[in-house]
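First comes the structure, then the notes that go with it.
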Amino acid sequence: MSSEANTGSGVTTVLQVTGMTCGHCEGAVTEELGALDGVSSVKAVASTGQVTVVSAAPLDDEAVRAAVDEAGYELAGRA
């Protein structure tokens, strides 16, 4: 279920988020996840529901779920 890779630039995590349908959705998810401690980049793709997050350390599952919920979407898991 986990898709985490430790690269030279940090830990890359791919999440599956349901409910995103447009650029505004991508922006909302990107903003909330980008505010988490240690996150350096977020790329959300509404058409696939995949969100790629690069962070300094592995992400806390509860913090990720809370951020996605706050954006108004549902975390389906890690891609």
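Take residue 6 and residue 79, extend 7 Å from each Cα along the Cα→Cβ direction, and tell me the distance between the two endpoints in nm.
Calculated label separation equals 2.3 nm.
Measure nothing fancy, just the Cα-based angle from helix 23-34's long axis to the longest principal axis of the chain, in degrees from 0 to 90, nearest 10.
Long axis of 23-34 versus the principal axis of the chain: about 30 degrees.
May I ask for the percentage of alpha-carbon pairs in the chain that lie more than 20 Å from each other? Can you show the working numbers first?
Values: 568 of 3081 pairs.
So the portion of pairs separated by more than 20 Å is 18 percent.
Can you give the extra length, in nm with one decimal, that the chain gains between residue 36 and residue 21 once fully stretched, where that is 0.36 nm per residue apart less the Cα-Cα distance?
The residue 36-residue 21 span can extend by a further 3.1 nm.
How tilted is helix 61-71 with respect to the longest principal axis of the chain? Cα atoms for both, answer in degrees (0 to 90, nearest 10).
With both axes taken from Cα atoms, the answer is about 30 degrees.
With an 8 Å cut-off on Cα pairs and a minimum separation of 6 or more residues, tell me the relative contact order of segment 4-78 in percent.
Dividing the mean separation by the residue count of segment 4-78 yields 41 percent.
If packing is taken as the mean number of other Cβ atoms within 10 Å per residue, what is the order of 29-37, 16-24, highest first?
29-37, 16-24
Values in this text are rule-based calculations from the coordinates and carry no lab data. This one's a predicted model, so the numbers in the text were calculated from it and none came from an experiment. Every residue, glycine as well, gets a Cβ built from its backbone with ideal geometry; the counts of neighbours run over all protein chains shown.
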